[in-house]
Each structure stands twice: as C-alpha cells, then as structure tokens.
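Visitor: One structure coming up, written as structure tokens, with questions to follow.
The values are calculated or read from the model by the stated rules, or taken from the named source; none is laboratory data. These numbers come from a predicted model, not from an experiment. Cβ coordinates were reconstructed from backbone atoms using ideal geometry, including for glycine residues, and neighbour counts include every protein chain displayed.
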Amino acid sequence: MIAEIWNWLSDSAHWHGPDGVPIHLREHLQYSLIALLIAAAIALPLGLLIGHTGRGSFVVVAIANSFRALPTVGLLTFFVILIAPHIHSTGTATYLIPSEIVLVLLAIPSMLTNTYAGISAVDPAVRDAARGMGMRGSQTLWQVELPNALPLIFSGIRSSFLQVIATATITAYVSLGGLGRYLIDGLAQQDYPQMASGAVLVAVLALLIDVLLAAVQRYAVSRGITGRYSRKRIVDPAEQQAMIAAAPLT
Amino acid sequence: MIDYYRQNSDQINGWLGWHARLSALPLLFGLLIALPLGWLARRYRWLYPPVVTVAGLLYTIPSLALFILLPGLLKTRILDPTNVVVALTVYTVALLVRVVADALGSVSEDVLQAATAMGYRRLGRLLKVELPIAVPVIAAGLRVAAVSNVSLVSVAALIGVPELGQLFTNGFQLSYQTPILLGILLSVLLALAFDSVIQLVARVLTPWRRAVPR
C-alpha cells in the first residue's frame, strides 16, 4: 500500500495539468479560506459581543451546539439541490455557492462558542481591575478580555479550520474540485492508489495547517497567559472544557 | 416525507439500524480503550503530553480520508463496515483519552486520602471512588463523541456503506429533497437518542448527585 501511494505521488504526470495536485490543492485551500474568512467575520464579532455583554448567550450557544448534530453530507446535498437550480451560470459557481454556504455554517459554531466562552471565562477580578484602572467598556474588551481569551479563540479557529478542510474534501462529491476529487474519482474508477494518495494528501494538509496555526497561536498569545518561558504550566479549566466542546469534524 | 418513509420503510429501517450500530460500537470500543489509556496517562505523568499530542494529531485526519486509508492498512474491502467502526473508534479514543485523564486528575486529593484512610487499595479506590467521581466529565466527553459519530457515519455513504447517508446520496442523484430531509431528521433524532441514553446512564451511575439538591 505504501509503495502504491509512493508510486502515485512520485509520478510527475499527477503533478501537472488541470487534474494535477497543485491545482486541486489550490482549489481546496481556496474553498476553505473563503468559508473560514466569512465565518470568522460573522462568528468572532458576535462571540465578542455576547461574551462582553453576557446577553443572548443561552440562545446562541444552544443553536451553535444543535448545529453539531446535523450530518454534513446531508446539509451539503440538501443545499446543492435547493440552490443550484436557481443559479444560472457556467462554470463551478452553481455548486460553489451552496457548498460555501454549508462550509460557513459548519465553521461558525466552534469559533462562536469558543470566542464567547473565552471572553466570559475571564476572571471577574481581572475585569474589575481593568474597570478600577479607569478603562472603558471597549478598552476592557480589546486590551484585557480579548488577550485573555486568545488561547480559546485560537482553538476555536483551529477546529473550525479542520472542519472546513475535512468538509471541503466532501464537496468533490457534489462536483467541485479540491483534493477530494482524487477520493471520489478514484472510487468511481476503482483506482485504489489514487484514492489512498488523495487521502494521504488531505490528511497531510490538515495536519500542516493545524501545526501552522498552533505556531501562530504560540506567538500571538501573550506569554503572560501561556506561561511560556516559565517552568510552571498553568492548566486552565476553561480550556479543558473547550477542548471537550470543540470536537466535531467531518 | 411520511409517504416516502412508508413506501421505503423496510430499507430505511435497515439503514437506521446499521447507522445506530455503526455509531454505537465505536463509542463502546472507544470508551473501553480510552479508560485504561487515560488512566495510564494520569498515573505516569510523562505519558500525558505524548498521548494528548498523538490524540490531537489523529483527530485532525478527515474522516473520508481515514475511511479510505483503513482498508489498505487493515487489508479489508473498501465497503467493509469494519473500516467505519475502526475509524470512528480512533476518533472516539482520541477525544476521550484526554477527557478521562483530566477527569481522573480532577478528583481532589482530600477524597483520595479519605478513601485510602478508609482502607481502599489502589485498584479498589480507582474503581469505587475515582471512576465514579469522574463519571459526569467522561459522560460529557462521550456525548460529544456520540453526536459527532452519528454525523460522521453518514460520510461513509459516499463510499457506499449502507446507512442513513444513503438517503443523502440517493436524494442528490435524483435531485429530490424529501429523502435528504428525512435522512437529516432521522440522524438528528438518533443523535438525540444517544445523547439521552448517555445522560440517563450517567444519572443512574451517580445517585449522590441527586441526593443533594443544588
């Protein structure tokens, strides 16, 4: 099996042309990044607002959690059937728009609940101290609550990204591009080396992105919070809760 | 939707049964593997970082990729439901190991000393004191795993494994919404059912939490 995958991956024919790895990799990243940016533009401000004001948290968290029970394949096929006939265009837009909607919907819950949880888990004494020092509400949010919540917000972004990368693989089933093409086409052609190589590429991509984001997180989060450079590791109970909560993937 | 269900009830019930089994077995196996692993990671502290890191890495693998890679590793056929059970067991273990280790770690030192003073040996203390106290946290992790398993099983329909996901692929091929909506409904209901059962079992296993009104 390893030899088959190696042969497939080292065949230069698979790295050129419209069905080559670079093209499908670019498509995969493109779908994922568009969805992630739109989802972040919705989820992060909303999470900050809810965490800061404490209003509406119950409803939003309940909705975000119930989203996790929805089967991704079901959502994807449903939206494509619902929306695709109404888009009159040539090219991939017909399938791209419904797929992006699903990717955005799947990316929102982790980021939203983690941002909210991160802000609301900030020690009330810290918040009081900020107020005592004369900070206004917005200053407290940006200079105190946000930096404190960053580890949780990052773990939300990471699990959203993984979810989106995994689901973008499935969009190949509804005739989009991306690395999922190798899995779906390989299955249709009974070409196991192609499927397995595609699967390896997707898994490596997910892994690399997670490692990259972990590195960014390491340097973006204040060392006063991570305890980096100090010997004692602080285990934050809120972080543990979030690790449990930030689970689903496709 | 109800008419559609009536017309195809035998087939859909069969898929529902498969779906339930394919999501439940990994939960069971995953818990059985994660409990000793989590205990080890707690008992020998140096094991904790590598165990949590490996679990995190396994968790990043997209499910469709794992469903496809496992037949090559296990020498099974692509369509073999074993692949789905093994893949989801991997995810369940990856999620639960950390939860179990942290749950056991959160048992307070006072409780441990009291148990030791009452004459519990190490194994007895683990089974009769530490694990029961850890039940609510482990159950919370198990609920998350259950809900995500039910959703992940339907991905396996793309490679042709018979379960509720077949309603999605059939509906997509026919451009027909009804089976897809029915599939979403049944799979959400199934997730809810698992969730309720786990909560119920956790409640039965922790009678002391009901004795004192909070």
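Visitor: Filter region B:68-82 down to the residues that are surrounded by fewer than 24 Cβ atoms within 10 Å (Cβ to Cβ), in a helix (DSSP H, G or I) and within 12 Å of another protein chain (Cβ to nearest Cβ) and list them by number.
Guide: Hits for region B:68-82 are B:LEU69, B:LEU70, B:PRO71, B:GLY72, B:LEU73, B:LEU74.
Visitor: Also, quick follow-up: Kindly list the number of the only condition in (1) touching a residue at least 40 places away in the same chain (Cβ under 8 Å); (2) under 13 Å from A:TYR31 (Cα atoms) that fails for A:MET111.
Guide: Looking at each condition in turn, A:MET111 falls short on (2).
Visitor: State which residue is modelled with the lowest pLDDT when the search covers only region A:209-243 and only residues that are part of a loop (DSSP other than H, G, I, E, B) and surrounded by 13 or more Cβ atoms within 10 Å (Cβ to Cβ).
Guide: Ranking the candidates gives A:ASP236 first.
Visitor: Counting just the residues of region A:59-79 that are without any contact (Cβ under 8 Å) to a residue 24 or more places away in the chain and surrounded by fewer than 17 Cβ atoms within 10 Å (Cβ to Cβ), which one comes out farthest from the other protein chains (Cβ to nearest Cβ)?
Guide: Within region A:59-79, the match that is farthest from the other protein chains (Cβ to nearest Cβ) is A:VAL59.
Visitor: Another question about this same structure. Of the residues that make up region B:193-207, is at least one in contact with a Gly (Cβ under 6 Å, 6 or more places away or on another chain) and more than 16 Å from A:PHE67 (Cα to Cα)?
Guide: The answer is no; no qualifying residue exists.
Visitor: Pairs only if they're at least six apart or on different chains, beta carbon under 7 angstrom, first in region B:33-57 and farther than 24 Å from B:ALA87 by Cβ, second not in a helix (DSSP H, G or I); list them, first residue then second.
Guide: Sorted first by the residue in region B:33-57, then by its partner, the list stays empty.
Visitor: Same structure, new question: Please name all residue pairs, on different chains or six or more residues apart, with Cβ atoms under 6 Å, provided the first residue is in region A:184-196 and is away from every other protein chain (no Cβ under 11 Å) and under 10 Å from B:ILE68 (Cβ atoms) and the second residue is among the hydroxyl-bearing types (Ser, Thr, Tyr) and part of a helix (DSSP H, G or I).
Guide: none
Visitor: If you go through region A:88-105 one residue at a time, how many are in a helix (DSSP H, G or I) and among the polar types (S, T, N, Q)?
Guide: 2
Visitor: Where residues in region B:147-171 are surrounded by fewer than 24 Cβ atoms within 10 Å (Cβ to Cβ) and without any contact (Cβ under 8 Å) to a residue 60 or more places away in the chain, which of them is farthest from the other protein chains (Cβ to nearest Cβ)?
Guide: It comes out as B:ASN170.
Visitor: Looking at A:LEU48, A:LEU33, A:LEU44, which is the one that is assigned to a helix (DSSP H, G or I), more than 14 Å from every other protein chain (Cβ to nearest Cβ) and closer than 18 Å to A:PRO98 by Cα?
Guide: A:LEU33
Here is a yes/no grid of residues against (1) more than 18 Å from A:VAL200 (Cβ to Cβ); (2) surrounded by 14 or more Cβ atoms within 10 Å (Cβ to Cβ); (3) modelled with pLDDT of 90 or more:
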position: A:GLY17; (1), (2), (3): yes, no, no
position: A:LEU25; (1), (2), (3): no, yes, yes
position: A:GLN30; (1), (2), (3): yes, yes, yes
position: A:ILE38; (1), (2), (3): yes, yes, yes
position: A:LEU46; (1), (2), (3): yes, yes, yes
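Visitor: Out of the residues in region B:92-112 that are among the hydroxyl-bearing types (Ser, Thr, Tyr) and more than 10 Å from chain A (Cβ to nearest Cβ), state the one that is surrounded by the most Cβ atoms within 10 Å (Cβ to Cβ).
Guide: Step by step, filter region B:92-112, then rank; the result is B:THR92.
Visitor: Only one of these is over 13 Å from the mean Cα position of the chain (by Cα) and under 30 Å from B:PRO179 (Cβ atoms): A:ILE81, A:ILE50, A:ILE5, A:ILE23. Name it.
Guide: Exactly one of A:ILE81, A:ILE50, A:ILE5, A:ILE23 is over 13 Å from the mean Cα position of the chain (by Cα) and under 30 Å from B:PRO179 (Cβ atoms), namely A:ILE81.
Visitor: Tally the residues that are over 19 Å from B:ILE78 (Cβ atoms) and modelled with pLDDT of 90 or more, restricting the search to region A:175-208.
Guide: Within region A:175-208, residues that are over 19 Å from B:ILE78 (Cβ atoms) and modelled with pLDDT of 90 or more number 6.
Visitor: Would you mention how many residues in region B:113-146 are crowded, with 22+ Cβ neighbours inside 10 Å and hydroxyl-bearing (Ser, Thr, Tyr)?
Guide: Of the residues in region B:113-146, 0 are crowded, with 22+ Cβ neighbours inside 10 Å and hydroxyl-bearing (Ser, Thr, Tyr).
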